[in-house]
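To start, the structure itself, in structure tokens.
The values are calculated or read from the model by the stated rules, or taken from the named source; none is laboratory data. Predicted model, so just to flag it, every value in this text is computed and none were measured. FYI the Cβ positions are ideal-geometry reconstructions off the backbone, even for glycines, and counts take in every protein chain you see.
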């Protein structure tokens, strides 16, 4: 069984590395997009849209890097198996916050593009922003409901805090 768990840890490490590499590649694309936008010399609305698109790429790069870090810490370094309420809440909270921020930035990008290029896309942008609101509301409900489950297992919270000190 330990061999299988090590194999899973190795696969998780490979996924974390892939997310990290893709994050760096997205950052490079965002830097190139920004450079192309500002190198033309004119600072007008199309340049602003390109820069906001680059910001969206950076947000996705941050999400990718955060996912890589979360996978590496939770599945490789700690060898934690997400089952206790504390672990589930912490794992999902880290992931959802980063995804919500990235989606909010993408909603901003979509809104700016719709306002400057094609107003018929504005409902799609609004849907993205509404999706972020729904995600955050659902996350809040989850955290609230999960909190009562944590009260039943206070030792799980203490164990997670001890592991945090070891990583820090």
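Observations on the structure shown:
So that you can scan it fast, the table gives a plain yes or no per residue for (1) within 26 Å of residue 125 (Cα to Cα); (2) touching a residue at least 40 places away in the same chain (Cβ under 8 Å); (3) surrounded by fewer than 19 Cβ atoms within 10 Å (Cβ to Cβ); (4) touching a helix residue (DSSP H, G or I) at 6+ places or on another chain (Cβ under 9 Å):
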site	(1), (2), (3), (4)
15	no, yes, yes, yes
29	yes, no, yes, yes
41	no, no, yes, no
46	yes, yes, yes, yes
49	yes, yes, yes, yes
66	yes, no, no, yes
69	no, yes, yes, yes
74	no, no, no, yes
94	yes, no, yes, yes
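- Of all residues in segment 126-147, those being surrounded by 15 or more Cβ atoms within 10 Å (Cβ to Cβ) and over 18 Å from the mean Cα position of the chain (by Cα) number 1.
- Only one of the numbered conditions (1) loosely packed, with under 14 Cβ neighbours inside 10 Å; (2) within 19 Å of the chain's Cα centre (by Cα); (3) within 30 Å of residue 147 (Cβ to Cβ) is violated by residue 5, and that is (2).
- Scanning segment 57-93 for residues that are in a loop (DSSP other than H, G, I, E, B) and either farther than 24 Å from residue 138 by Cα or at pLDDT 85 or above (or both) yields 78, 79, 80.
- Among the residues of segment 98-123, those identified as without any contact (Cβ under 8 Å) to a residue 24 or more places away in the chain, in contact with a helix residue (DSSP H, G or I) (Cβ under 9 Å, 6 or more places away or on another chain) and either loosely packed, with under 15 Cβ neighbours inside 10 Å or not in a helix (DSSP H, G or I) (or both) are 115, 120, 121, 122, 123.
- Applying the set (1) farther than 23 Å from residue 137 by Cα; (2) crowded, with 18+ Cβ neighbours inside 10 Å to residue 24 leaves exactly one unmet item: (2).
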